[in-house]
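The values are calculated or read from the model by the stated rules, or taken from the named source; none is laboratory data. No experiment lies behind these values; they were computed from the predicted model shown. Here the Cβ positions follow ideal geometry from the backbone for every residue, glycine too, while neighbour counts run over all protein chains shown.
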Amino acid sequence: MKEELYLAGRILKPKGLKGEVKVLPVTDFPESFLDRKVFYVGKTEEEAMCCRVLHAVLRKGFAYLLFSGINSREKAEAIAGHKVYVSADELIPLSPDRAYLHELRGLKVLSESREEVGILSDVLKMPAHEVYEVQYGIRRVLIPAIEEFVEEIDIEKGYMVLKRFDEFL
């Protein structure tokens, strides 16, 4: 069984002629691109192959990576659009009040009275703040991910308690 991988970025396009690629980080820790020696690169997590990093630079919110074996513009063009993943053991430890997206997805969503109302299907980035997407029966309900609506999140026990859930129905 292949190890579980987590999305860290998306390869946008080649840069230059020697195989370097421009990557859009999708992490709260873009500086981690400078320290990592290995990423998994592929169209999907299942297709991702281990790639050793020869050189990494951060500039204006993007990471520029040079991978071993990707030594021409043509080879870099071939991986444009691919995703960049890290393995579970490479994830940066978080403080107790933070969680990775994969830890939140699938949580049971409970009302204030502790009745199960749905499942957290995704966390969406919006201009003002993140929004929780809750699968409520056949409907999708969007709840702002702010203290006013979130009473409790317990990753270990697998649930989230939302205040005033009925207001969003």
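Can you tell me which residue among Glu46, Glu20, Glu3 is under 18 Å from His102 (Cβ atoms) and touching a helix residue (DSSP H, G or I) at 6+ places or on another chain (Cβ under 8 Å)?
Values: Glu46 fails: touching a helix residue (DSSP H, G or I) at 6+ places or on another chain (Cβ under 8 Å); Glu20 fails: under 18 Å from His102 (Cβ atoms).
After ruling out the rest, the residue left standing is Glu3.
Considering Val84, Val57, Val53, which residue is among the aliphatic types (A, V, I, L, M), under 30 Å from Met160 (Cα atoms), touching a helix residue (DSSP H, G or I) at 6+ places or on another chain (Cβ under 9 Å) and modelled with pLDDT of 90 or more?
Residue meeting the stated conditions: Val84.
Glu3 passes all but one of (1) free of Cβ contacts under 8 Å to residues at least 60 places away in the same chain; (2) farther than 16 Å from Phe62 by Cβ; which number fails?
Among (1) free of Cβ contacts under 8 Å to residues at least 60 places away in the same chain; (2) farther than 16 Å from Phe62 by Cβ, the lone unmet condition for Glu3 is (1).
Can you say whether Ser95 is modelled with pLDDT under 95, polar (S, T, N, Q) and outside any loop (DSSP other than H, G, I, E, B), as far as the supplied structure shows?
In short, no.
Please list, ordered by first then second residue, the pairs with beta carbon atoms under 6 Å, 6 or more apart or interchain, first in region 141-165 and touching a residue at least 12 places away in the same chain (Cβ under 8 Å), second in a loop (DSSP other than H, G, I, E, B) and among the charged types (D, E, K, R).
Once the first residue is touching a residue at least 12 places away in the same chain (Cβ under 8 Å) and sits in region 141-165, its partners that are in a loop (DSSP other than H, G, I, E, B) and among the charged types (D, E, K, R) give Phe149/Lys163; Glu151/Lys163; Lys163/Glu112.
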